[in-house]
Structure formats: structure tokens, C-alpha cells
Amino acid sequence: MSDEKDVEFYAASANAWFNTKLEYDKSLLVLSAGAIGLLITLLTTVGVSSFTLLVVFFASIVSFVVCLITVLAIFFRNAKHLEELISGKKTNDTILGFLDSLSISTFILGVILASFIGLETARNNIISKETIVSDKKGTD
């Protein structure tokens with residue numbers, strides 16, 4: 001009886017772990033795709049005020065694209081990995097661990113760069129509004 005409970009507990013734990021990892025990867029996929037859309041919208045509507053900001057836009061978009069591609073590769077390799085496990089083949093997929101690290105690293109880098117873009121864009125808007133206000137005071 002105790003062995004059956006242990007097997008049930010192990011199965012439930014493995015299932016919960018798998019579902020959590022799947023949701024984590026799906027979240028990275030959705031958030032990266034949304035971030036790319038947001039950055040492209042910001043780039044086309046607000047524009048850039050310097051070459052440095054353009055490079056940061058490019059680097060941020062590339063980071064999120066790499067994250068997207070990596071998560072899709074994880075989904076593909078997970079499916080192959082599970083097939084091998086079910087068929088009883090010995091599997092040691094170290095690439096999955098690397099892809100996991102790469103996906104979160106590129107996502108975090110993209111978030112940091114996008115935050116910089118947001119702060120720099122806000123700073124530029126404040127400076128341009130201050131310049132307009134000071135120009136109006138000088139003409140009165």
C-alpha cells in the first residue's frame with residue numbers, strides 16, 4: 001500500500017513539475033513576442049534620438065528574438081526527449097539545460113535593455129518639453 005502511494009506521489013510530482021516548466025516556457029514565449037511588438041511600435045511611433053538608443057533598440061529586439069527561438073527549440077527538444085524516455089532509451093540531453101539558461105538570460109537582457117529604452121525615451125520627452133517651455137518664456 002505504501003509503495004502505491006509513493007508511486008502516485010512521484011507521478012503527481014513529476015506531472016506538476018512538467019506542467020510548471022511548460023507554463024514557464026510558454027510565459028517566456030508570450031512575453032518575448034509581446035516585447036518585440038511593443039519595441040517595434042515604440043520605435044516607429046516615438047523614434048530614436050541618438051545612434052546609441054537605436055543600437056539598444058536593436059540589441060533588445062535581438063535578445064527577445066533569441067529568447068523566442070530558444071523556447072521553440074526547447075519545445076522541440078522536450079518532445080524528442082520525452083519520446084526517448086517513453087521508449088526506454090537512455091537519454092542525457094545537456095542541450096536542454098543550455099537552452100533553458102540561454103532563454104532566461106536573453107529574456108532578462110531584453111528586459112534590462114527595454115527598461116533602459118523606456119527610461120531614456122521618458123528622459124528625452126521631459127527634456128524636449130522643458131526646452132519648449134523655456135523657449136515660450138523667452139518670447140514673452
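The values are calculated or read from the model by the stated rules, or taken from the named source; none is laboratory data. All values reported here derive from a predicted model rather than from experimental measurement. Reconstructed Cβ throughout: ideal geometry from the backbone, glycine too, with neighbour counts over all protein chains shown. Accessible surface is based on the protein model in full, side chains and every heavy atom, while ligands, DNA and RNA are left aside. Shrake-Rupley method; radii C 1.70, N 1.55, O 1.52, S 1.80 Å.
Structural remarks
- Pairs linking a residue in segment 75-90 that is assigned to a helix (DSSP H, G or I) to a residue that is of a type in the set (Asp, Glu), with Cβ atoms under 6 Å and 6 or more positions apart or on different chains, are HIS81/ASP93.
- Residue check for SER87: within 28 Å of PHE18 (Cα to Cα), among the polar types (S, T, N, Q), modelled with pLDDT of 90 or more and loosely packed, with under 13 Cβ neighbours inside 10 Å: no
- Pair list, Cβ under 9 Å, 6 or more apart: segment 1-21 residue on the phi < 0 side of the Ramachandran plot and surrounded by 10 or more Cβ atoms within 10 Å (Cβ to Cβ), other residue assigned to a helix (DSSP H, G or I) and of a type in the set (Asp, Glu): LYS21/ASP100
- Per the listing PHE76, PHE57, the residue uniquely open to solvent by 80 Å² or more (accessible area, probe 1.4 Å), over 10 Å from the mean Cα position of the chain (by Cα) and not polar (S, T, N, Q) is PHE76.
- Residue that is farthest from PHE57 (Cα to Cα), among those in segment 93-113 that are small (Gly, Ala, Ser) and either open to solvent by less than 30 Å² (accessible area, probe 1.4 Å) or in contact (Cβ under 8 Å) with a residue 60 or more places away in the chain (or both): SER103
- Residue in segment 39-61 that is at positive phi and modelled with pLDDT under 95 present: yes
- Some residue of segment 2-19 being at pLDDT 85 or above and of a type in the set (A, V, I, L, M, F, W, C): no
- Within segment 38-51, being assigned to a helix (DSSP H, G or I) and surrounded by 11 or more Cβ atoms within 10 Å (Cβ to Cβ) holds for LEU38, LEU39, ILE40, LEU42, LEU43.
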